[in-house]
Structure formats: structure tokens, C-alpha cells
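Working notes for the structure below.
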Amino acid sequence: MLSNPDMVHSGILPHHPRWARLFENLRYVIIDELHAYRGVFGSHLCNVLRRLRRICRHYGSNPLFLCSSATIANPRELAERLTEQEFEIVNRSGAPRGEKFFVFVNPPVVSQELGIRRSYLAETRRIASEFLKRNLQLIVFAQSRLSTEILTTYLKADFEGIPGAPGRIRGYRGGYLPNRRREIEKGLRDGAVRAVVSTNALELGIDIGALDVSVMAGYPGTIAATWQRAGRAGRRTSRSAAVMVASSAPLDQFVVRNPSYFFDASPERALIDPDNLHILVDHIKCGAFELPFSATEAFGRHDVQEILGVLSEQGFVHQAGEGAPWTWTNESYPADAVSLRSVSSDNFVIVDTTGEARVIGETDFTSGPATLHPRAIYIVEAKLYQVERLDFEGRKAFVREIDCDYYTTAITYTKVTPIDTFAEKGPYPSCASHGEVHVVSRVVGFKKIKFYTNENVGSGELDLPEQQMHTTSYCLTILPEVMRLLPYAPDERRDGIVGLAFALRQVAQLLLMCDGHDIGISIDSGDGEGLASAAASPQKIFVYDNYPGGIGFSAPLYQMHRELLTSTRRLIADCPCENGCPGCVGPVGNTGPMAKAAALCILDVVLEDAATERSTTEVQAF
Amino acid sequence: MSALADRIRGIVAPGAPVPIEPGLRDLPAPPACPDLVAALGGLWRGGCFVVERRSDPAVRHGYEAVGTLAERLEEASGDAVLYSSGAPARAPFVFFDLETTGLSGGAGTQAFLVGCARFEADGSFVTRQFLLTRYTDERPLLETVSAELARAGALVSFNGKSFDAPLLETRCLFHRLDWIGGRLPHVDVLHAARRFWKPREGRRDGLRCDRAARRPEPSVAQAFRPARTGDSVCSLIALERQVVGARRVGDVAGFAIPARYFQFIRTGDARPLVAVIEHNRLDLLTLAALTARLLHLARNGPDDARDAREALALGNLYARAGLDTRARDAFRCAVDMTDRSTANGSMATLEIDSLRSLAVALRRARQYGDAAVCWRRLLDVPGCPRPIAREATEALAIHHEHRERDLAAAKAFALRSLENESQPAWRDAAQHRLARLERKMAIRSLKFEV
């Protein structure tokens, strides 16, 4: 039987009596693309597999697990964590490989003192055009849906006037409708499409044949993803090339300045946290629905009997007496309420009302407000649409075709409120902690950015509903005493915090070896109580797991606290720019001229103390 | 409790609380050793708790006495095949109905009460209700139920083909038991009830008369609001009132039943189940009464029909079974009955359906002239929907072209059918017919000239 985790979770396991013959005779479970199951999805899958093995035991089978994975540092560990079985690893490739060139490109510096380089998108466009002119088939990987559309627009413009050429250049990203996707994939396989600009949607899984060149606009964020994307070019014996164009982001600059980091270091480890209580409790409910839990059964690392006890207080399960099994005593079908991939299975659809209304795409719920707010420019394969109305309740955005020379980016306001602290170091002059937090984010406005020049040509305010989640976070608190020590004006001190947060995020991403969107950052400087008290409030920088319930980044980050701060200091201090650049504390225009100096000063005070760290104490609140 | 438990509480608390009816919350504390037998009046048999009740032939249920129901079923048992999709349904009938812990199906939904009923030779109605008192007793319960059903000539249920039977089958699969219901003929009264008794407002309102109507989806917000009237015209309760003529007092609402069972499981106090068991018993009795009515109608024909709707449904029932003469009689009866009643919206719909069915049946019987009369009357009914008007004009065009040989009339009908048609395929057909008619008329006029 061929299936996916979602179907096993919500369709097959809850109806296992109907699949009795399958479960009785099940001998092998094969999991392909194992490396994709990390983070939230991997944590869910681990629990789905725990449930699967329970059902197999019920029917008297004990299947063997076979997994295949792309290059990651810990395929065996991941397989063993996911399936909770021992594994033997086969890690030598016997496939023929052609000659391959791997090129790192750092766009030239345009302004030395501002540390600004030529736009990496412009550089990517130039490089891709060169390959296209030589009739090589290529794939361009962009970092986001937006840059995918921008690059497609640019490349089509480069070949304007040559008959048929723009049609041979296509965009590809999540949110396109399936028919359009299948058409592009087929075009790539039979050679009709010469260039495709894609997000990570084409990184794995989809058969598009072997191409000549893979161009990455920006460092993909992880070593594993970089190899995956590079691997899209030249799978057979022919010569091929992979080009990585570095952006001015710190991570990119670090990699392009230290190529050995990329070529010699082992790829990332895939982390999962199947015992995240949110995830675990959901799957225990599903498990209890499928088969009563016995009074001695274990499920995951936590004490399942205790969890069942709480579930029974809420009426989900019942134990008829000491030692009796826990039976499901609720009318609901719990698997329906649990989505393996995201917070909710909700999405927004985009309806084009230019002519007869038709659906032209969809977007997941979380990124809906940021990309589909009223007056946003929505781009599909270089065609521009403007959002006229966002029906938030109905999950629909109504757009109309428009001819304009700008695109929009949303301004999102995020507020983090601590709920519970798991561990804390401190207290003077800074303290690091990790714990549970409540994150509220809201799209408050947007900027209009001109194509090609990237000028800011206007902005607008928005009033959209909030999105909320509970997650875990690392928190760095800098006390007002420390702030007062700084030889800077209050505004400049604030800039220092903003710059420090910017750099901290980059280093955290590197240390955690996670994707950029896996973590979020937020600063709490006590603005809420007015400016006067703001000076007396502690400054807090949160680095939170960008998933409900957290996915196990905040505890390791807390343990690496010192390393995090020293690496951040090194990143800022070693940067050749004068007053801050996108490679350290952020561009001067965003953070102010003294941000770099102030951030370094803060780190010096904090690190002096971190060296004489005294004790680690468990406390109950931030 | 530990810190872990507190954290879990924070996660679990948002879940839906189990709705407990206000009246039940204040029940005095249960007796120290709750006695099922005393509370429910049942007994243990073969590891299974059974509540057995008997209704004497003289007891009335709505318009009829129980004994009359028994007689009618007895007389008409041969007609049961009409209602069982061709399976050889025969007496003895076993009526069955489940009360379950949820509506979603799947391994976590159980049937906690299996009600089975039959008529005995003396005309009394005997229900046996098997109660799942502990999770671990499910297997003996299923075995006992299988034995109970095994003697049936046909199973009779209300929506059982879609809900009750698959659910019991899943439970049997769960315990690796054989599900006997799969081998027995099954009469699902809901299917027939929709055709006989579901009132129609206007045409093609979609035959929505589903499980949800019978057992409304429970939700906390709705839990204690009285059920809206009108949205469940084909529920067992509604049919009981309208067709059987019975009325319940102090009945427990369908959505509250699982919560009562869960309360019993948690506290051991069986008193909340008293009303559930009575609810299930009345469901069975009404099911039997509806079945008796359906079989009685099938046996006695349209003369016993109370209204045009019943006569029409009866005609369709006969037509499907290939009993063409009886079908025509029933349709004719339905048409006559709509004549007699005042013309309102739903009556017009019934009249159209009846006339159309009769016309088709007459045409099949080669009574073309009579069929044409029906088609013509159909066109005169105010508000006749377009597709049916098109069908009628087309039939009349054919009739006049080929049988009456009245080309002018045929042409007039063909033109009318073109007017009524928007679908290209049908328009093409009508135009084709018109062209042919014009050719024929030209030839005929030539002949006259010569």
C-alpha cells in the first residue's frame, strides 16, 4: 500500500479494523525522503509511527522499517528517533557521477562604508542569463515566493523580443495550482522549458530530470539543502555546474568567506522533538481512540499514565479501576483535529476577478495576512495582481490584474509574552532563560518597493486580525543597570539592542543549523508603560521556535548561551563595515549609526559577567 | 499532582467539556453499590446484560394496536422483497437499532446499546436490549447479538445500511468475529420513508434526510437548545408523529445519549440510562409500525394510500420491481388524488411527478393515446419545470409525428420544446426534428399538388 503520513494518521489508523488484513500481514514499512521528516512534521510522524506499531502489535505483526534519506549528518540517529528501532546504515553511493563545478559568487561591494554589495538578485539574473544564452537548461532557486516571482519577471524581461523565449522561462512555487505545476515539470523533462525559477518546492521529490546548471540566489540556509539544490544539476555523466550567489545576509557572507565551512563540515543534523507535549497529547488521544491503553503501556518519553489521568479528568478517556485499560469515552474523532504539517489545515484561496472569477492560487493560513492583505501585490509567474479585498473569515482574497512597477512587502508586528520559565541563569547584569511564551503577530502595514531599483515608493497601514501561538523561547534579558552604563544616548542604546537582536538571530540560526523561518525574534523594551519607564525596564530579546508548542530549539540555545554571545560578538567585531551593515547588526538605515558600537558595548558588559557565571537556578516565572 | 500534570492540563483544558444535562447534574448521589438489575430491570445472560420488555397485542402505539401491526406484517411478509433491494427478505423480521458513543465511526466508536425486537406468535412485541456495561464485555455482547440476529429472515433498521450495520461490522472486525448481518437481507426503512413520507417543497430539493437529521451532531453550543422544527422532517421522531400517530413524553434527545452513557461508565450510576433504554425501545416500536405500514401499503395497493404522495411512491416501488400494471394503477390513483386536493405548491409538484410517471408507464405499456393525454395535462400544470416541459413536448412531437401523423401539431410541439431548451445537445436534437418535419411537410404538400 502506498500512502502518506497524513492518510495513515487520519484515515487508516482510526479505522484499523477495516485494514485488519493489512496489519496482520505487514512485514515492511518503507519511509522515503526521511530527511524531510524533521521539526514539527518529523515529531508528528514519530508519534504516528508509535501508533502504527501499537496497532501492529494488536494484530500480531512486527514490521521492519526501511528508510532512505538525502545527505544529512545523522540519518541513522533520525531514523532511530523516528521509528524507535535500531538501524543499520548503508551510506556508500555507487551511482556514476559526472564532473561538477561548484562556484561561490560574492557580488561586488558597491559602498564600502555602508557595507553594501550589489543586489544578489541582480547578480543571479546576470549569471542565469549568461547560462541561458549558451542554451544550457537551468534551475534557479530563490529564497522566497516573492523573490521567485521577481527573478522570473527579470529573466523574462531579458529575453523579451526573442520569439517564444519568455514562454520557455517559467516560475514555480507552492501556491500554483496542480495543473500548472504538472505542465512546468513536464516541460522541464522534455526540454521545452529552458529555465525555471523555483522556491524549495523543486528541491526534492519531484522528477524534473537532470539539468545542466543549478543557480542558487542566496545561501539556502543549510548545508543539506545546498547539496540537494546543487544535485538538481548533472545527475548523469555529463559536466554540470552549481552556482551559489551570496546575499548580504550574515550567514551567506560567513559561508562565502569560509568555503571550507561548507565543503568540510558535516551537514546539519535533523532534530525532532516527538515528546513535545502538545504533539504527544494529541497523538495519545488518537491512540486511545484506536485502541485502549493498558495500565502498563508506555508511549513516548513522558509518563503516559499520568497524561491519561489528565485526559480522564477532561472526560476523554476512562479507567474502570486500578489496572484496567483506559478506554476512549468521547464522541469526537480526534485525528480530525490534528494536522501533521501545520497549526491548522486552513488556507486562503486567491480569486482573480478580472474577468470571470476563477481561483488562481492558494496560500497557507499563517502566511495569508502577510501576502494577501488589501492592496498587496500578488504575483503569479510575473503577472501582477492587486488584492482588492481579503475575506478573512471566508479565507478568500479577491484580486484583479494590475499593471504597476512595484511590489509590496508586509510589516509584521510581533509581541512575545512569557508564560512559564523552565530554566534561568543570571540575574546580573543579564540573564538568559528559556521557557514557554505566547506569541501574537499582526500585519500592521506594508511597503511598496519599486522593481529593479528597490526604492521604497510608499506605504500603507492595515488593520488585520492577530495570529497567536504558544511556543517555547530563549530569552536574553539586559537589565536597566547595564543600559545605563552605556556611554550613549537612550535612542542609541535602543539601536544597540535592535542591532544585537539582528546579529543574534543569524548566529542562532547557524548554531542550531535550522531554517530561517524555524525561529522568530522579538524585542520587548517595555514600551507599553511609556517612554519614561522604558528606560527603567529590562530589555528582552526573544528567540522563539516558530511553531506552536516549540520544536526543541530553545533548550539547546539556552545551553549554548555563552557560545551564542561570543559568536555574536565575533560576527559584529570582525565585520569590516564602519557603522553596521546587513552582514552584522543590520543596515544603517534600519538601525541607526551607533547600533554597531552600542551592540558591541552591551556584549562586552554581558560577556564579562557570563565569564563569572555563578549558578543556574530553576524558577517559576521570568 | 505533579508539574507535568499541570502542564498537560494547560494543553488539554481547551478541549470540549462533556455536556451533562442540567437535570442530571443534580441527581442525588448514587447508591453505594449501584445495582444494574434494580435500576434498569434487566438480567445477566451469558456474560451480557439484557433488558427484555414485552408489549401486549392490545397495547396501542399511535393509530394502531401492537397486535394489528403484527397481523399486517404477517399478512404482507411476502412483499418485504420490494423494500430490500431484491434480497430475499422474509419473516421473521428482526428490528434492530443501536445507541452509540459517537457518530464518526472508526475504532473508537462503540455501540453501547444494541436493541433487537421481534413479534411473537401471539402478536406481542418483544424487545431485547443488550447493554455494554464494561469495555471488556464487548466481545460476549457481540456474540450474543449475532446469535439473536441469526434467526432473522430479514433485518429491519432505520438508516442501518449506512450507519448501524457498518458500525457493528467494524466492532466485529475489531474482535475478529464474523459479522452475520452481511449475509442477511436488510430492509432500511429510511430509504422507503424518504420516498413515501418526505414532504417536498418545490422540486428537487435534494433528498437530504440523513443521519444528522436523525441524530443531530452534538455540540456544546447546541446541546440544550430544542431541536429546530422542519429540518428533520424525515427523522424517526417526525415520522412517528406524522405517520404512526404516536407522541413521546419525556424522551431523551439523541445528541444527549452518548454523554449519559459516559456518565454511567464514570460513575456506575445507571439511572441516566433508563431514559436511553426507553428511547431505544420506542425507536424499535416505531420502526416496526413504519414497516407494518409500508408492507401493508405494498400488499393492498393505492386504495389504502392516505395521500397522493403515498400512491406515487407506491407506483415507483411497483415500477422498480417490474409490476407494471400495479404501478400504472398506483400512478393513476396518485393523479386522481392530486386532482381532488386544492392546488398549492407542493401539490403541483406531486401532480407533475405523478403525471409524468403515469405517462412514462403508459407509454411503456404501448397505451400511446392515454400517455399523450397525460403529457398534455402536464403542460397545463402551472409552474411545470422546464426539463419536464421539454420532455413532454418532445414526447408529444414524437407521438404526433409517428403515430397520429399530424405533422403540423408535431411541428408546434417541436417548436415549443426548442423554446424550453437551453442545453445545446437537446437543442440540436429538436432542430434536427424540426428540419425533418419540414422536409416531410414539403413532400406531403408536393403530393397534394400533384
Item to complete: Could you tell me whether the stretch A:345-363 includes any residue that is at the interface with chain B (Cβ under 7 Å from one of its Cβ atoms) and touching a residue at least 60 places away in the same chain (Cβ under 8 Å)?
Response: no
Item to complete: Tell me which residues, restricted to the stretch A:576-622, are modelled with pLDDT of 80 or more, surrounded by 15 or more Cβ atoms within 10 Å (Cβ to Cβ) and in a helix (DSSP H, G or I).
Response: A:595, A:596, A:597, A:598, A:599, A:600, A:601, A:602, A:603, A:605, A:606, A:607
Discussion item. Can you tell me which residue is farthest from the other protein chains (Cβ to nearest Cβ) among those in the stretch B:103-128 that are surrounded by fewer than 22 Cβ atoms within 10 Å (Cβ to Cβ) and on the phi > 0 side of the Ramachandran plot?
Written reply: B:123
Item to complete: Those residues that are within 21 Å of the chain's Cα centre (by Cα) and of a type in the set (A, V, I, L, M, F, W, C), I need them from the stretch A:67-89; list them, please.
Response: A:70, A:72, A:73, A:78, A:82
Worksheet, complete the sentence: Subset of the stretch B:125-145, residues among the hydroxyl-bearing types (Ser, Thr, Tyr) and modelled with pLDDT of 95 or more, comes to B:127
Item to complete: State which residue is farthest from the other protein chains (Cβ to nearest Cβ) when the search covers only the stretch B:145-199 and only residues that are of a type in the set (D, E, K, R) and crowded, with 21+ Cβ neighbours inside 10 Å.
Response: B:188
Worksheet item: Right, residue B:255: surrounded by fewer than 24 Cβ atoms within 10 Å (Cβ to Cβ), more than 17 Å from residue B:97 (Cβ to Cβ), within 14 Å of chain A (Cβ to nearest Cβ) and out of contact with any helix residue (DSSP H, G or I) (no Cβ under 9 Å at 6 or more places or on another chain) or not?
Response: no
Item to complete: Answer yes or no: is there a residue in the stretch B:230-252 that is modelled with pLDDT of 50 or more, outside any helix (DSSP H, G or I), touching a Cys at 6+ places or on another chain (Cβ under 9 Å) and within 14 Å of chain A (Cβ to nearest Cβ).
Response: no
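Those residues that are more than 10 Å from chain B (Cβ to nearest Cβ) and not β-branched (Val, Ile, Thr), I need them from the stretch A:288-305; list them, please.
A:293, A:294, A:295, A:297, A:298, A:299, A:300, A:301, A:305
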Item to complete: Can you work out which of the residues in the stretch A:306-324 that are more than 34 Å from the chain's Cα centre (by Cα), more than 7 Å from chain B (Cβ to nearest Cβ) and touching a residue at least 12 places away in the same chain (Cβ under 8 Å) is surrounded by the most Cβ atoms within 10 Å (Cβ to Cβ)?
Response: A:317
Discussion item. Every residue in the stretch A:325-337 that is buried (at least 16 other Cβ atoms within 10 Å of the Cβ) and facing chain B (nearest Cβ under 9 Å), please.
Written reply: A:325, A:327, A:328, A:329, A:330, A:331, A:332, A:333, A:334, A:335
Fill in: Matching residues in the stretch B:10-48 - criterion: being modelled with pLDDT of 80 or more and basic (Lys, Arg)
B:45
Worksheet, complete the sentence: Of the residues in the stretch A:390-404, those that are touching a Ser or Thr at 6+ places or on another chain (Cβ under 9 Å) and within 20 Å of residue A:466 (Cα to Cα) come to A:397
Worksheet, complete the sentence: Residue hits (the stretch A:269-295; of a type in the set (Val, Ile, Thr) and not in a loop (DSSP other than H, G, I, E, B)) are A:279, A:281, A:284
Item to complete: Looking only at the stretch B:70-106, count how many residues are assigned to a helix (DSSP H, G or I), hydroxyl-bearing (Ser, Thr, Tyr) and under 18 Å from the mean Cα position of the chain (by Cα).
Response: 1
Worksheet item: Out of curiosity, is residue A:35 buried (at least 16 other Cβ atoms within 10 Å of the Cβ) and more than 12 Å from chain B (Cβ to nearest Cβ)?
Response: yes
Discussion item. Give me the residue from the stretch A:360-396 that is among the small types (Gly, Ala, Ser) and closer than 16 Å to residue A:444 by Cα and, out of that set, surrounded by the fewest Cβ atoms within 10 Å (Cβ to Cβ).
Written reply: A:367
Worksheet item: If you check B:121, B:117, B:111, B:107, which single one turns out to be of a type in the set (Gly, Ala, Ser) and free of Cβ contacts under 8 Å to residues at least 40 places away in the same chain?
Response: B:121
Response to the item:
For the stretch A:168-187 the number of residues that are surrounded by fewer than 24 Cβ atoms within 10 Å (Cβ to Cβ) and among the hydrophobic types (A, V, I, L, M, F, W, C) is 2
Worksheet item: Looking at (1) outside any strand (DSSP E or B); (2) surrounded by 14 or more Cβ atoms within 10 Å (Cβ to Cβ), can you tell me which one residue A:444 breaks?
Response: (1)
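The values are calculated or read from the model by the stated rules, or taken from the named source; none is laboratory data. None of these values were measured; they are calculated from a predicted model. Heads up, the Cβs are rebuilt from the backbone with ideal geometry, glycines too, and the neighbour counts pull from every protein chain shown.
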